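**Student:** Next up is a structure, given as structure tokens.
The values are calculated or read from the model by the stated rules, or taken from the named source; none is laboratory data. Fair warning: this is a prediction, and the values are worked out from it, not measured in the lab. Here the Cβ positions follow ideal geometry from the backbone for every residue, glycine too, while neighbour counts run over all protein chains shown.
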Amino acid sequence: MPTHQIHYTRCPICFSEQIALQDNIPDHAISKKYFEVWKCNQCNGFFTQDIPDESAIDAYYQSDQYVSHSDTRKGLLFTAYHLARKISMQLKYRWINRAMRRYASFSLPRPTRLLDIGCGTGTFLHFMQQKGWHVNGVEPSATARNIARNKYQLQLDTPDQLPYFPAQSFALITLWHVLEHIHELHDTLSQVRHLLHPGGLLMIAVPNANARDRQLYGSYWAAYDVPRHLYHFTPASMEYLLNMHQLHLLEVKPMRMDVFYIAWLSARYQHKRWAALQGLRVATRCWLYSWWHPLKASSLLYIIQC
Ligand SMILES: [Zn+2]
């Protein structure tokens, strides 16, 4: 274990002391070390215990692990990931259009500005720019920022620049599978609230700790992704967190497609022969289930207004 470690005596989401050990989960993807996952009885959320602090977490992000080698299984995963990313881009755009039409204030300044927090290599920002949005993005990884600059001519900022953007300057702020990685959870939400134009929207996508696929895969559930995922949000804990920051939850949407990637990875972690087929079978089951139980989808998108 790294020496730089954070031990929580209170829930990092709601600060309650009513917390208890729930499970021991291995880091299947990179370090193979075990991490405790604790449950909070106040907000009903989960969190990873004894996490590496910000100076030590980098050792757990060797992200080229998934794509560097090209044996058949990894090649398949790579292709599936990129196909899923294409589909998810179109879905995100549809969700944004629908939500902006339905909820966003008509008094938003034009042109509409978007801030994507944890924007990676800027694929989504580039897509939105082509749709006419003015875009900004923050991303901690220097490698990702360089790719965004070379590939899309996007000038991204580091997350510590967030407080320097003009207040209330964004019509839309997005965090796509990012909030669960951020050590400074509450500071980030305060900054988001400060940057969002009144009547603008905040969209947060996170894995769903109440997901059907988590129940089926248990400690193999790929979306635990400890210790990189610091929090494992349930709808109740997300609502609790948003209320603490005077952010109003408008809608929760199931992100049904995410289960195909998560189930595939989970089946690989189980070392199943034919992991791809096994994952596809479970994913299809969970996908169908989520049409009747949307809050059991693998990931959820929270649509929020301040
Ligand atoms: Zn809590």
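**Student:** Does residue 240 satisfy being outside any helix (DSSP H, G or I) and buried (at least 20 other Cβ atoms within 10 Å of the Cβ)?
**Tutor:** No; evaluated as a whole, the condition is false for this residue.
**Student:** When the residues of the range 276-291 are filtered to those that are among the aromatic types (Phe, Trp, Tyr) and closer than 15 Å to residue 215 by Cβ, which remaining residue is surrounded by the fewest Cβ atoms within 10 Å (Cβ to Cβ)?
**Tutor:** Among residues in the range 276-291 that are among the aromatic types (Phe, Trp, Tyr) and closer than 15 Å to residue 215 by Cβ, the one surrounded by the fewest Cβ atoms within 10 Å (Cβ to Cβ) is 289.
**Student:** Give the residue, chosen from 31, 88, 16, that is surrounded by 13 or more Cβ atoms within 10 Å (Cβ to Cβ), modelled with pLDDT of 95 or more and either of a type in the set (Gly, Ala, Ser) or assigned to a helix (DSSP H, G or I) (or both).
**Tutor:** 16
**Student:** Next up: Residue check: is residue 51 within 16 Å of the ligand (Cβ to nearest atom), surrounded by 16 or more Cβ atoms within 10 Å (Cβ to Cβ) and modelled with pLDDT of 95 or more?
**Tutor:** Judged against the criteria, residue 51 is a match.
**Student:** Where in the range 103-222 are there strands (runs of 3 or more DSSP E), lying wholly inside it, with at least 2 residues that are surrounded by fewer than 17 Cβ atoms within 10 Å (Cβ to Cβ)?
**Tutor:** 196-207
**Student:** Shifting gears a bit: Does residue 247 satisfy the condition of being closer than 24 Å to residue 198 by Cα and touching a helix residue (DSSP H, G or I) at 6+ places or on another chain (Cβ under 8 Å)?
**Tutor:** yes
**Student:** Could you list, ordered by first residue, the pairs with Cβ atoms under 6 Å in which the first is in the range 11-35 and more than 16 Å from the ligand (Cβ to nearest atom) and the second is of a type in the set (S, T, N, Q) and assigned to a loop (DSSP other than H, G, I, E, B), at least 6 apart or interchain?
**Tutor:** Matching pairs, first to second residue: 30/62.
**Student:** Among the residues of the range 66-79, what is the count of those that are surrounded by 12 or more Cβ atoms within 10 Å (Cβ to Cβ) and either closer than 30 Å to residue 201 by Cβ or at pLDDT 70 or above (or both)?
**Tutor:** Qualifying residue count, the range 66-79: 3.
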